[in-house]
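Undergrad: Just dropping this structure here.
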Amino acid sequence: MTSEDRKAALDAIASEVRVCRRCRLSEQRTQAVPGEGHPDTEVMFVGEGPGQNEDRLGRPFVGAAGSLLEELLAMVGWRREDVFITNVVKCRPPGNRDPEADEMAACAPFLRRQLEVLDPALVVTLGRFSLQTFMPGDTISRVHGTTRPIDPASGARAATGYAMYHPAAALRQAALRETMQRDMAAIPETLMRARDGRATLPEAAVVATEPAPGAVLTGASSSSAPPAGATITAASDSRVIAPAISSIMPTSTAESTTDMNATIPDDQLGLF
Ligand code: SF4
């Protein structure tokens with residue numbers, strides 16, 4: 001699939017989301033929020049659902065939580081346009097209540113199709129509901145800053161999942177900001193490991209991709225496409241991240257799992 005194909009496929013999904021009436025969340029929304037980002041990125045961030053600002057503007061993570069996410073991304077030299085950001089449910093639950101099981105089920109096909117199109121190497125879950133979508137049974141306080149393989153049934157063909165708190169949790173509980181900074185700092189190295197894991201896949205399972213014209217993006221396609229049928233490796237992957245990735249890695253995934261806040265129960269963190 002070319003970059004243009006991916007963009008067209010993502011746009012088509014977004015168009016369907018904007019007029020979707022599959023669940024009751026459509027009744028009180030101002031706008032649906034399909035998600036946005038670079039069509040060639042290797043990294044998806046998946047939150048829970050749109051909040052008030054997102055509902056008003058039709059874009060994900062544009063309020064205070066979005067500003068914190070951008071701040072965290074900047075720590076590793078990335079911008080929000082370099083990744084893809086979306087949510088488990090695409091319409092705002094009224095009053096920012098938790099999304100309900102039938103609402104998440106109704107919306108799941110959109111996320112699955114986004115995952116299929118983007119074929120990310122790394123899926124970063126933000127908060128409890130996203131974690132449960134990709135890593136059912138785990139709790140955010142125990143597993144943030146760690147990885148799990150993503151079930152291909154999710155739509156992500158060969159992705160690693162990486163758990164983080166929702167940025168809104170850090171806005172409510174200041175101590176979590178440092179935790180999120182440590183977890184974010186480990187993402188570049190985690191991505192490199194995820195890439196290495198994809199490089200070991202059988203040749204037939206690997207999809208060769210073409211770069212966006214002129215794209216020189218962190219987390220995005222930036223070089224020529226591999227020969228047809230070529231196995232993607234860290235050296236030949238058409239979505240290789242800038243080599244400077246290793247020089248901006250201040251910590252490791254293993255270090256980030258040692259966390260002073262690891263004993264905070266999820267139910268003390270509200271939605272997150
Ligand atoms: Fe459709 Fe998802 Fe919005 Fe429900 S939350 S109306 S399934 S787009």
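The values are calculated or read from the model by the stated rules, or taken from the named source; none is laboratory data. None of these values were measured; they are calculated from a predicted model. Glycine also receives a Cβ, built like all others from the backbone with ideal geometry; neighbour counts cover every protein chain displayed. Note: accessible area is taken over every heavy atom of the protein model, side chains too, but ligands, DNA and RNA are not part of it. Shrake-Rupley method; radii C 1.70, N 1.55, O 1.52, S 1.80 Å.
Undergrad: Give the number of residues within the stretch 67-107 that are within 26 Å of R6 (Cβ to Cβ), within 13 Å of the ligand (Cβ to nearest atom) and open to solvent by less than 40 Å² (accessible area, probe 1.4 Å).
TA: Within the stretch 67-107, residues that are within 26 Å of R6 (Cβ to Cβ), within 13 Å of the ligand (Cβ to nearest atom) and open to solvent by less than 40 Å² (accessible area, probe 1.4 Å) number 8.
Undergrad: Would you mind finding the one in V33, V43 that is within 24 Å of G155 (Cα to Cα), within 16 Å of the ligand (Cβ to nearest atom) and either β-branched (V, I, T) or without any contact (Cβ under 8 Å) to a residue 40 or more places away in the chain (or both)?
TA: Details: V43 fails: within 16 Å of the ligand (Cβ to nearest atom).
Every option except V33 fails the conditions.
Undergrad: Quick one: L25 ticks every box in (1) over 13 Å from the mean Cα position of the chain (by Cα); (2) open to solvent by 30 Å² or more (accessible area, probe 1.4 Å); (3) within 16 Å of the ligand (Cβ to nearest atom) bar one, so which box is it?
TA: It fails just one condition, (2).
Undergrad: Sticking with this structure for a sec: Regarding A64, is this residue open to solvent by 50 Å² or more (accessible area, probe 1.4 Å) and without any contact (Cβ under 8 Å) to a residue 12 or more places away in the chain? Even if it seems obvious, please write down each step before you answer.
TA: Details: open to solvent by 50 Å² or more (accessible area, probe 1.4 Å): yes; without any contact (Cβ under 8 Å) to a residue 12 or more places away in the chain: no.
Spelling it out, it is not the case that A64 is open to solvent by 50 Å² or more (accessible area, probe 1.4 Å) and without any contact (Cβ under 8 Å) to a residue 12 or more places away in the chain.
Undergrad: Continuing with this model, one more query. Could you tell me whether the stretch 151-164 includes any residue that is open to solvent by 50 Å² or more (accessible area, probe 1.4 Å) and either under 20 Å from R79 (Cα atoms) or under 14 Å from the mean Cα position of the chain (by Cα) (or both)?
TA: Scanning the stretch 151-164, I find no residue that is open to solvent by 50 Å² or more (accessible area, probe 1.4 Å) and either under 20 Å from R79 (Cα atoms) or under 14 Å from the mean Cα position of the chain (by Cα) (or both), so the answer is no.
Undergrad: Do we find a residue being acidic (D, E) and under 15 Å from the mean Cα position of the chain (by Cα) anywhere in the stretch 175-189?
TA: Yes.
Undergrad: While we're on this one: Considering each residue of the stretch 114-127, count those that are assigned to a helix (DSSP H, G or I), surrounded by fewer than 24 Cβ atoms within 10 Å (Cβ to Cβ) and in contact (Cβ under 8 Å) with a residue 60 or more places away in the chain, and give that number. Give the steps one after another, and end with the answer.
TA: Just the residues of the stretch 114-127 that are assigned to a helix (DSSP H, G or I), to begin with: 114-118.
Now narrow it down to the ones that are surrounded by fewer than 24 Cβ atoms within 10 Å (Cβ to Cβ): 115-117.
Keeping just the survivors that are in contact (Cβ under 8 Å) with a residue 60 or more places away in the chain gives 115, 117.
Going through the stretch 114-127 one residue at a time, the tally reaches 2.
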